[in-house]
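First up is the structure itself, then whatever we jot down about it.
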Amino acid sequence: MTEFKKALPTGPRRRTVMTVGAAAAIAAVMGLTACGGGSETAQTPAPENSIAVGQYPDYYPADYKDLVAAAEKEGGELTIYSNTDQENWDPILRDFKKKYPFVTKIAANNLDSDEVFQKALSEKATNASSADVFVSNAAGAWADFAARDGMLAKYTSPELAKVPEFASLLPGVVAMSADPQTIAFNTSLLTEKPESMEGLAAQIKAKPADFTNMIGVRDTTGAFGFTMFYNLTEAKPKSWESIETILSASRPETSSGTLSEKVLAGEYKAGVLVTAAPAFPVVKNSNGLFDIALPKDGTVVIPRGLGISADAPHPATAKLFQDFVISQEGQQAVLEGGLSSYRDGVKSVQFALTYQDVVSKVGEDNVIMAPYESVPADKVKAFTDRWQSLLK
């Protein structure tokens, strides 16, 4: 059994209010038959992921089966705190259970990116830790969390020797996926595809009255939104020129899901920046009304970090899970779930992008990999002050 739980908020959260017209538009479009995908999609149905049960690569330690035996004694359960949606998890958890048939119950709690750590810290303070695995793509929050004593298990996966260097994010934290941030747009309202931030800004400059409050932008007061745009402007300082124009026509939103909904409904002509993973299901079901583009003048890629709790109730099972997720088998399942895998040799899947696809489309020099590190307070303030001054 796999349980997907949407946790209650641990603190105040902005509510998204959708108009009746917007809701109706979304419902109507979601009822349409999918007709393929947008121009950024790989058009291959998910291949069968052949799982080798009881077999492990020759680079695994000789006593790895002892770890498997220890996991089997833990009762076949695993609890995950993450900010990852059920649709993304489904193939991963399905194939992990195939690999280890004794795992029968996985509880995947769906929290916001920062709430993963807030919940873990709160439980730690009351000696009531229940999570085995943490998953979030809040890079700065991960850096702060990992620096705290007694929060993460010290484990080095044997798979780390076979994956790109960036997959080792922090001691004990590996990349589950490497997800690109896109420009989403309504194809009926924005007939010229925005190939770049500069291109979108040029469209706004050409007809500013047509774009007033018609661009949704990821709110930088949240950790994830800040990470997106801070790393973009650090790597590509010239992007501030485009951002200035874009913000003059924008309203901030707190999530990629909200941006996608409002772009699809026509409340916005475009959304900047939208994570590819939650956008792809909208592309798939929109009958061509909603599409995404990778900005060719700088595509931010934010790894989705995975770490094991130091107080994991099922530590051996958690280690098997980490190894599986970054293995060849696991990365194929990651891609099937709509997240961006990064291992070479993973077969393409419809409505999903690999990291290699992103590099191929925008060029290696235009891929901005967000590091898992804390940003000094003075730099946070300088960025935030400049950003807020540009919002109209």
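Key figures
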{"read-out": "Choice from 138, 312, 52 with maximal GNM fluctuation in the chain (Cα, 10 Å cutoff)", "value": "52"}
{"read-out": "Rounded to 10°, Cα long-axis angle of helix 86-99 versus longest principal axis of the chain", "value": "20"}
{"read-out": "Radius 9 Å from Cβ of residue 52, net charge of other residues (Lys, Arg +1; Asp, Glu -1)", "value": "0"}
{"read-out": "Cα gyration tensor category, rounded, prolate or oblate, for the stretch 40-122 with a/c compared to 1.5", "value": "oblate"}
{"read-out": "Shape metrics for the stretch 228-305, restricted to C-alpha atoms - Rg then Dmax, Å", "value": "13.0, 37"}
{"read-out": "Kirkwood Rh and Cα Rg combined as Rg/Rh, the stretch 290-348", "value": "1.09"}
{"read-out": "Rounded to 10°, Cα long-axis angle of helix 256-265 versus longest principal axis of the chain", "value": "40"}
{"read-out": "Estimated 222 nm signal from helices in the chain, with DSSP H stretches of n ≥ 4 weighted -39500 (n - 2.57), rounded to 500", "value": "-11500 deg cm²/dmol"}
{"read-out": "Accessible surface, per residue, of the chain when the full set of protein chains is kept, probe 1.4 Å, Å²", "value": "42"}
{"read-out": "With Cα atoms, 0 to 90° folded angle of helix 223-235 axis to the chain main axis", "value": "70"}
{"read-out": "Carbon and sulfur %, accessible surface of the chain computed with the full protein complex present, 1.4 Å", "value": "51"}
{"read-out": "Mean projected area in nm² (Cα convex hull; one quarter of hull surface) for the chain", "value": "18.8"}
{"read-out": "The stretch 168-286: equivalent-ellipsoid semi-axes (sqrt of 5 x gyration tensor eigenvalues, Cα, Å)", "value": "24, 18, 12"}
{"read-out": "Cα-based convex hull, the stretch 255-366, per residue volume (Å³, whole number)", "value": "131"}
{"read-out": "Whole-Å semi-axes of the stretch 67-174's equivalent ellipsoid (Cα gyration tensor)", "value": "22, 18, 15"}
{"read-out": "Calculated FRET value between residue 374 and residue 125, using beta carbons and R₀ = 25 Å, to 0.05", "value": "0.70"}
{"read-out": "Distribution of pairwise C-alpha distances over the stretch 117-210, 5 Å bins, in %", "value": "2, 10, 16, 14, 10, 8, 9, 9, 9, 7, 4, 0"}
{"read-out": "Heavy atoms of residue 192 accessible to a 1.4 Å probe, total area in Å² rounded to 10", "value": "110"}
{"read-out": "Solvent exposure ordering (accessible area, 1.4 Å, most first) of 261, 87, 74", "value": "87, 261, 74"}
{"read-out": "Relative packing of 284-292, 355-363, 124-132, which averages over residues the other C-beta atoms within 10 Å, highest first", "value": "284-292, 355-363, 124-132"}
{"read-out": "FRET efficiency estimate (nearest 0.05) - Cβ-Cβ, residue 213 to residue 48, R0 45 angstrom", "value": "0.45"}
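The values are calculated or read from the model by the stated rules, or taken from the named source; none is laboratory data. The structure presented is a predicted model; accordingly, all values stated were derived computationally and were not measured. Reconstructed Cβ throughout: ideal geometry from the backbone, glycine too, with neighbour counts over all protein chains shown. Note: accessible area is taken over every heavy atom of the protein model, side chains too, but ligands, DNA and RNA are not part of it. Shrake-Rupley method; radii C 1.70, N 1.55, O 1.52, S 1.80 Å.
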